[in-house]
Amino acid sequence: MSLTSLDPRVTRLNLPDGEVPLMAPKPALDQFETYEVFHQKKESAAYTYVGPVHAPNEDVAFLFAKEQYSRRAACVGLWVARTAHIQVTPYVGDGENVYDTLRLETPTEQSGQPEPYEIFHLKKRGKAHTHAGRVMATSYQGAVQEAKKAFGEKGPIVNVWVVRSGHVLQSAEEDKDMWLTVPEKKYREATAYKVMDKITKFKEQQTNTPAQ
Amino acid sequence: MNEQAIKDLLYKLADDLLILGHRNSEWTGFGPILEEDIAFSSMAQDKIGHSLAFYTLLHELGEADPDTVAFTRNANQFHNSQLVELPNGEYDFSLIRHFLYDNAEIIRFEMLSQSSYEPIAKVATKLKGEVKYHVLHANTWIRNLGSSTEEAIARLQTSLNEALPYALGMFEPSAYEQDLIDASIYRGEEAVKAAWQQRIRAVLEKTELQLPDLESITPITGGRTGSHTHHLQPLLDEMAEVFKIDPAAEW
Amino acid sequence: MYGGGNIFEATKLDDLQAEDPAKMAEFEARIARGEKIEPNDWMPALYRKQLIRMIEQHAHSEIIGSLPEGTWITRAPGFRRKMAQMAKVQDEVGHAQLLYSAAETLGKSREQMLTDLINGKSKYSNVFNYPALTWADSNVISWLIDAGAIVNQMANARGSYGPYSRALERICAEEAFHLKYGHDAVVHLATGSPKQREMIQAALSRWWPPIMTFFGPSDKMSTHTETLMRWKVKMATNDDCRQQFLDMYVPKIWELGLTVPDPNLKKNAETGKWEFTEPDWEEFKRVINGDGPCNAERLAVRRSAEERGAWVRKALLHPKAKYVKPLA
């Protein structure tokens, strides 16, 4: 006997009806690693953190991020970075500046070619990290130091994320048309549903109809 | 004029999109991972939205309104290819169908955005960006899964072999093929098919999947003239179950 | 969507005695100042445990909550409803994704949470163990269950845990569509043909009892509850949420000429509080413990989705993958 449901899709699954043994616990990484996603609302705006996705690699993470984080609001660009590639400073209290509390050691010997790093700031706890800018450095430590010089004065900054630019998958100029029609998908917006007229008309009819 | 030809073109575009969108929506809540569930649903919504855009053009040409056209016709009045009406099967089949369909769809939309028939050109130009994501999604999945585990490759290969005769049926020429080409409304199924082969071949070559010799496959046609598998009528009955409680009512 | 009635575990308060008093003082001061707690902050074990439980239950409620309305996804009448129903059910899956991620920041993996859901170890909102018998039932869920969820979520969004607040802000914005869509669909039926009116009245009558249990039984105010409220984990009592819901939506039901199947439902002009027939909490307990009309099906469907997708996930898993919990 298979399960008959009110949902025809479920009935078609031919699921066993009745007791089933417990499911074996899901193995680690069954749901993959996580990637952090940043979106850009409009051309002039800074990239802002929107949340993570679970994905097997950055290409698939991008596919997932696009629909999970930019299907419902204006968007012109998306960045995706593997969580493991992002380094995080400690958090300080609201109103403070984390750069003031970091003991940044001057890198002793500049080794290797400087490369770009992306810097994200959290201005207030509970809000989202936003892109402060890009610095050139040879290490994460060095990048934080450069970031402090470049944009660490304007506090409060309660937390900083640092990631190598090479580790960020960034949508390209020619990808922008993928978001072009998002604002037109009114069927998933509250503003598309207006029923006051119907209610008013209904009430009028009720009052005009003598009680039986 | 070419009105009959344009209507025929619009019906096959719209019916393909409606039925595929409906099929893909069946996955909502049942996908292999939450994120993919969301992505697949978005594309299903887009397909239904695209079909609505084409039914709206038909309505402007004097056909019934989109709801009536979509929810009250019988299977033999539908012009979709049989590919899109087949049941979803497992995710391998749904992905392969998505890959085969959308790689043709993007070519159609690119061609139609150049159409001499302006209403179609406008719709295609506007919606092209959405189809671009659908193709990116399909190709990324096929590239990833197509060179992964033995099981995944075997599943995709089986589904590919099963789907190909139906996929070739998408290119069934219509009675108006030459009229559309002559009037620069649409470049015709042969042109779509040729470009499609190149596109799918380019993706499959990066995987361990084998593309069979397409010349040796007999396309399964008939969908464009209302001949369908036994899967379509139950799909339509299900889709219209509530609508038909009172077709005159506003739901 | 989601209800209240969170099942907070009764933990021995002795556990709190074991915490470092200096760190505890700093933690409580931060919350008292109105600052949010972020994942890397020190937090008492009880705070972590109760938040995981609450966010996880919320996430489960979203993913299981996608099923009653999913029942009608292939049968929504007309383009407008068809597309919106798809988008709404999709949003529930999206909300589950956001909430599982928020819970992960506290240290429980999505794998563990899904296992606990499927094996019946964690709970989800009890209303989803009831069937959506007709299209109208689906509309009642879209409107009133989501309305209840918003009452609850707006309160929780003001809670102290950063990742949960961020997720809820996003979710509340999306729920605005659900609420309007649900109301729109209900209004169309209520003001439509006699057959449509009959459908919506029947659906409302079926769903009213579960709706009244949606926020859970009255809270037993204990030291434990007070602690959770001080920590801004629990933001409003179940009774307050229920009253707020009745205040906002009973008039909207009545203006459509629909009957709420509770002869005792009325607002007491003196106290300003709604009076109603006490919901059947025995049934509530029985159903939440597994013996409801749809419990088995809901879990079987979720399990089947996970099992049918297993080959896909296995195929794509990178051999060098290393799990790091989401940052925020």
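What to note about this one:
- Residues considered: C:LEU144, C:LEU67. Of these, the only one that is within 23 Å of A:ARG9 (Cβ to Cβ) and either within 11 Å of chain A (Cβ to nearest Cβ) or buried (at least 24 other Cβ atoms within 10 Å of the Cβ) (or both) is C:LEU67.
- Selection from the range B:113-156 of residues that are surrounded by fewer than 16 Cβ atoms within 10 Å (Cβ to Cβ) and touching a helix residue (DSSP H, G or I) at 6+ places or on another chain (Cβ under 8 Å): B:GLN114, B:SER147, B:THR149, B:GLU151
- Qualifying residue in the range A:154-173 (condition: farther than 22 Å from A:PHE64 by Cα and over 23 Å from the mean Cα position of the chain (by Cα)): yes
- Total residues in the range B:40-85 satisfying the condition of being touching a Leu at 6+ places or on another chain (Cβ under 6 Å) and surrounded by fewer than 24 Cβ atoms within 10 Å (Cβ to Cβ): the figure is 4.
- When C:GLU175, C:GLU111 are screened for being among the charged types (D, E, K, R), more than 14 Å from the chain's Cα centre (by Cα) and over 22 Å from C:GLY34 (Cβ atoms), only C:GLU111 passes.
Quick grid of which residues meet (1) closer than 18 Å to C:ARG170 by Cα; (2) in contact with a Ser or Thr (Cβ under 9 Å, 6 or more places away or on another chain); (3) at the interface with chain B (Cβ under 9 Å from one of its Cβ atoms):
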| position | (1), (2), (3) |
| --- | --- |
| A:MET1 | no, no, no |
| A:THR4 | no, yes, no |
| A:PHE38 | yes, yes, no |
| A:VAL60 | no, yes, yes |
| A:LEU63 | no, yes, yes |
| A:TYR69 | yes, no, no |
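- Pairs, first within 12 Å of another protein chain (Cβ to nearest Cβ) and farther than 30 Å from C:GLU282 by Cα in the range C:99-127, second among the hydroxyl-bearing types (Ser, Thr, Tyr) and not in a helix (DSSP H, G or I), C-beta under 8 Å, six or more apart: C:SER101/A:THR34; C:ALA102/C:TYR161; C:GLU104/A:THR34; C:SER109/C:TYR323
- Here is the figure for the range A:159-188: residues that are away from chain B (no Cβ under 13 Å) and either in a loop (DSSP other than H, G, I, E, B) or surrounded by 20 or more Cβ atoms within 10 Å (Cβ to Cβ) (or both) total 6.
- For the range C:198-230, a tally of residues being free of Cβ contacts under 8 Å to residues at least 24 places away in the same chain and of a type in the set (D, E, K, R) returns 4.
- B:ILE96 vs. criteria surrounded by 23 or more Cβ atoms within 10 Å (Cβ to Cβ), in contact (Cβ under 8 Å) with a residue 24 or more places away in the chain and closer than 20 Å to C:GLY309 by Cα: yes
- Test for A:PRO116: is it in contact (Cβ under 8 Å) with a residue 40 or more places away in the chain and either more than 21 Å from A:TYR47 (Cα to Cα) or part of a strand (DSSP E or B) (or both): yes
- Hey, B:ASP46 touching a Ser or Thr at 6+ places or on another chain (Cβ under 9 Å), facing chain C (nearest Cβ under 8 Å) and among the charged types (D, E, K, R) or not: no
- Residue count for the range C:51-81, restricted to those that are in contact with a helix residue (DSSP H, G or I) (Cβ under 6 Å, 6 or more places away or on another chain) and assigned to a helix (DSSP H, G or I): 17.
One line per residue, one yes/no per condition, for (1) touching a Lys or Arg at 6+ places or on another chain (Cβ under 9 Å); (2) within 14 Å of chain B (Cβ to nearest Cβ):
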position	(1), (2)
C:GLU226	no, no
C:THR237	no, no
C:TYR249	no, no
C:GLU307	no, yes
C:LEU317	no, yes
C:ALA328	yes, no
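- Helices (runs of 4 or more DSSP H) fully within the range C:239-320 that include at least 1 residues being in contact (Cβ under 8 Å) with a residue 24 or more places away in the chain and closer than 30 Å to B:SER94 by Cβ: C:295-308.
- Strands (runs of 3 or more DSSP E) wholly inside the range A:1-109 that include at least 3 residues being under 30 Å from C:THR74 (Cβ atoms): A:48-55
- Listing of helices (runs of 4 or more DSSP H) fully contained in the range B:86-179 that carry 2 or more residues being away from chain A (no Cβ under 12 Å) and over 25 Å from B:GLU26 (Cα atoms): B:91-112, B:118-145
- Counting the residues of the range C:183-205 that are in contact with a Phe, Trp or Tyr (Cβ under 8 Å, 6 or more places away or on another chain) and of a type in the set (D, E, K, R) gives 1.
- Those residues of the range B:228-248 which are loosely packed, with under 14 Cβ neighbours inside 10 Å and either over 24 Å from C:GLN196 (Cα atoms) or under 19 Å from the mean Cα position of the chain (by Cα) (or both), in sequence order: B:HIS230, B:PRO234
- One residue alone among C:ALA185, C:ALA136 is over 17 Å from the mean Cα position of the chain (by Cα), crowded, with 24+ Cβ neighbours inside 10 Å and more than 10 Å from chain A (Cβ to nearest Cβ), and that residue is C:ALA136.
- Subset of the range C:225-238 [part of a helix (DSSP H, G or I) and either polar (S, T, N, Q) or crowded, with 19+ Cβ neighbours inside 10 Å (or both)]: C:THR225, C:THR227, C:LEU228, C:ASN238
- Unmet requirement for A:PRO156, which otherwise passes all of (1) more than 11 Å from every other protein chain (Cβ to nearest Cβ); (2) touching a helix residue (DSSP H, G or I) at 6+ places or on another chain (Cβ under 7 Å): (2)
- If you go through the range B:62-111 and pick out every residue that is of a type outside the set (S, T, N, Q) and under 30 Å from B:ILE245 (Cα atoms), you end up with 19.
- Screening the range C:279-302 for residues that are more than 19 Å from C:MET212 (Cβ to Cβ) and buried (at least 19 other Cβ atoms within 10 Å of the Cβ) and picking the one that is farthest from the other protein chains (Cβ to nearest Cβ) gives C:ASN295.
- Any pair with Cβ under 9 angstrom, 6 or more apart, that starts in the range B:235-251 at a residue that is facing chain C (nearest Cβ under 7 Å) and ends at one that is assigned to a helix (DSSP H, G or I) and surrounded by fewer than 16 Cβ atoms within 10 Å (Cβ to Cβ): B:PHE243/B:THR72; B:ILE245/C:LYS195; B:ASP246/C:LYS195; B:ALA249/C:LYS195
- The range A:71-113: number of residues that are within 14 Å of chain B (Cβ to nearest Cβ) and either of a type in the set (Val, Ile, Thr) or free of Cβ contacts under 8 Å to residues at least 24 places away in the same chain (or both): 2
- Residue tally, condition part of a loop (DSSP other than H, G, I, E, B) and either over 20 Å from the mean Cα position of the chain (by Cα) or free of Cβ contacts under 8 Å to residues at least 60 places away in the same chain (or both), over the range B:195-220: 12
Bear in mind that the values in this text are calculations on the coordinates, not laboratory data. The shown structure was predicted, so the numbers you read here are calculated from the model rather than taken from an experiment. Cβ sites come from the backbone with ideal geometry, for glycine too, and all protein chains shown count toward neighbours.
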